[in-house]
Amino acid sequence: MEKVSWDDAQESLTTLNTIVGDSDGGKMVLPTEAQCEYAARAGETGTYAGGTVGEVAWYKRSSKSVD
């Protein structure tokens with residue numbers, strides 16, 4: 001999604017939590033930056049999620065550019 005304000009997202013979550021309830025003791029919230037990073041890394045602990053910089057990024061040395 002794009003261009004959804006934080007306030008609108010919070011309002012949607014409040015409505016959703018009202019509908020779904022919290023019978024299991026939890027509620028739906030927006031993930032923190034740390035939670036997003038953890039999910040993106042899929043358990044990896046290296047500097048770059050997905051492998052080495054050459055495996056996950058395209059940069060001058062890996063582009064085979066003639067410049």
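No lab work stands behind these numbers, since they all come straight from the coordinates. These figures come from a predicted structure and were not determined experimentally. Glycine gets a Cβ as well: all are built from the backbone with ideal geometry, and neighbour counts include every protein chain shown.
Tell me the Kirkwood hydrodynamic radius of the chain in angstroms, computed as one over the mean inverse distance between distinct C-alpha pairs.
Result for the chain stands at 15.7 Å.
Might you report the magnitude of the Cβ-based charge dipole of the chain about its Cα centre, with Lys and Arg at +1 and Asp and Glu at -1, to the nearest 20 debye?
Dipole about the Cα centre, nearest 20: 460 debye.
Could you derive backbone 3J(HN,Hα) for the range 2-9 from the dihedral phi with the Karplus parameters 6.51, -1.76 and 1.60 (θ = phi - 60°), listing whole Hz in sequence and x where the residue is Gly or Pro?
Values per residue, Gly and Pro as x: 10, 6, 9, 6, 4, 4, 5, 5 Hz.
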